[in-house]
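The values are calculated or read from the model by the stated rules, or taken from the named source; none is laboratory data. Here the structure is a predicted model, which means the values were calculated and not measured. Here the Cβ is made from the backbone with ideal geometry for all residues, glycine too, and neighbour counts use every protein chain on show.
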Amino acid sequence: MSDPIISVLAPLLILAALVVAGWWLSRTTVTPYAPAELANRVVLPRLHLNDIDAAIAELDEPDEIVIPHEHAIVVIKYPLSVPASIEVHSPIEHGFTRAELVRAICESYQHVYEAEAATATTKPVLALEERAGNKRRNRTDGLYGIWGYDLAELVLTATHWQRRFDGVVVIDLQVAT
C-alpha cells in the first residue's frame, strides 16, 4: 500500500524542490566564475636593463599589446637575496604594449638598485669598470641584498605573466647576464 503513495509523492516532491530552487536562484545574485589565465610568455631580444631607450629601440612590434591588463606586479628575484614585488601601471587602459612592459621592468630594476644603494651599509667593493676577469659584485646588505651583478650586466630575455584567481596579474622575469 505504501508503494503507490511513494510513486505519486516522489515526483511531486522533486517538482516542488525544482520550483523552490528556481525561485531562490531568480532572487540571488550569482557571481560568475573568473578562472585564472594561463601563464603567457613574452619573448624579447636580449635587452640591457640599464638603458631604457636602447632596450625599447631593440624591440620588434613595440606597440603590440602583450599583457591585456592595466595593472600588474613585477616580481624581481635575480640577483636579489630578498625578492621585490613592484606594482606597475600601464599608461593606456588596454594593457601593456611591449615597449611599456620593457619600460616598466627597466624602471623597476633601476628602483631596486637605487633602493639597495640607499639602504646598504656594505657597498660594492669594486666598481664595474675595475673588475677584471671573473670578479663579481659582492653582496650588499641593503633592502634587497643584491649579489653578483650590477644593473649594467643584466639582460632581460623574456617575461611570464599570469592573472591569478584573485585578479592580480603577476609578471615573472627571465633575466640573464
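A few notes on this one:
- Residue pairs whose Cβ atoms lie under 7 Å apart, sitting 6 or more positions apart in sequence or on different chains, and linking a residue in the range 150-170 that is assigned by TED's automatic domain parsing to the domain that holds Glu58 to a partner that is part of a helix (DSSP H, G or I) and among the small types (Gly, Ala, Ser), do not occur here.
- Residue match in the range 73-94 (condition: more than 24 Å from Thr177 (Cα to Cα), of a type in the set (Gly, Ala, Ser), at pLDDT 95 or above and not in a strand (DSSP E or B)): yes
- Cβ-Cβ contacts under 8 Å between residues 6 or more apart (or on different chains), taken from a first residue in the range 32-52 that is at pLDDT 90 or above to a second residue that is of a type in the set (A, V, I, L, M) and assigned to a loop (DSSP other than H, G, I, E, B), are listed as Leu44/Leu59; Pro45/Leu59; Leu47/Leu59; His48/Leu154; Leu49/Leu154; Asn50/Leu154.
- Evaluation of Ala17 against (1) crowded, with 16+ Cβ neighbours inside 10 Å; (2) of a type outside the set (Asp, Glu); (3) assigned to a helix (DSSP H, G or I) (one fails), failing number: (1)
- The set of residues in the range 113-137 being at pLDDT 90 or above and assigned to a loop (DSSP other than H, G, I, E, B) consists of Ala120, Thr121.
- Out of Ser85, Ser90, sole residue that is over 18 Å from Val155 (Cβ atoms) and in contact with a Phe, Trp or Tyr (Cβ under 6 Å, 6 or more places away or on another chain): Ser90
Okay, residues lined up against (1) within 26 Å of Trp147 (Cα to Cα); (2) touching a residue at least 12 places away in the same chain (Cβ under 8 Å); (3) assigned by TED's automatic domain parsing to the domain that holds Tyr144:
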| site | (1), (2), (3) |
| --- | --- |
| Val19 | no, no, no |
| Ala55 | yes, yes, yes |
| Pro62 | no, yes, yes |
| Leu80 | yes, yes, yes |
| Ala99 | no, yes, yes |
| Ala115 | yes, yes, yes |
